Amino acid sequence: MSVQLLDRETGGMTQADAVRSWWADADQTTRNRALRLREDDLLPADMQQGLAMAGVTVVPIGHSPIDGQPEGYEIPALLWQLLEGVRKLY
């Protein structure tokens, strides 16, 4: 089940659509880095920013006691599904 970003009837985009859009727009280096992510890894900050800009909800994990910034970001489940699908192709 995907979360609606906008109303589907008005040409909106789902979270799954946003992940696919991010993947399609990502350069090969970013794709290779994403494919090397393991389940226990945190999402790199640059990928978090790119995914968020594409409309993907990215959940922060913890906050630094020093500056209050997130300690990292959880890999979105829909990105993980896309990566598993791509890995199966190779």
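Once the Kirkwood radius over Cα pairs is known for the chain, the Stokes-Einstein relation at 25 °C and 0.890 mPa s delivers a diffusion coefficient of 176 µm²/s. Build a GNM of the chain with springs between Cα atoms under 10 Å apart, and of ASP41, ASP67, ASP25 the one that fluctuates most is ASP67. Springs join every pair of Cα atoms under 10 Å in this Gaussian network model of the chain, and among PRO70, PRO60, PRO44 the largest mean-square fluctuation is at PRO70. Per residue, the solvent-accessible area of the chain (1.4 Å probe, heavy atoms of protein chains only, all protein chains present) comes to 68 Å².
Rolling a 1.4 Å probe over the protein chains gives VAL56 an accessible area of about 10 Å².
When a 1.4 Å probe is rolled over the protein heavy atoms, the share of accessible surface on the chain that falls to carbon and sulfur comes to 53 percent. What residue among SER64, GLY50, GLN81 has its Cα farthest toward the positive end of the dipole of the chain, where the charges are +1 on Lys, Arg and -1 on Asp, Glu, each on the Cβ? Towards the positive end, the residue furthest out is GLN81.
The values are calculated or read from the model by the stated rules, or taken from the named source; none is laboratory data. Quantities reported herein were computed from a predicted structural model and do not represent experimental measurements. Here the Cβ is made from the backbone with ideal geometry for all residues, glycine too, and neighbour counts use every protein chain on show. We work out accessible area using only protein heavy atoms, side chains counted, and drop any ligands, DNA or RNA first. Shrake-Rupley method; radii C 1.70, N 1.55, O 1.52, S 1.80 Å.
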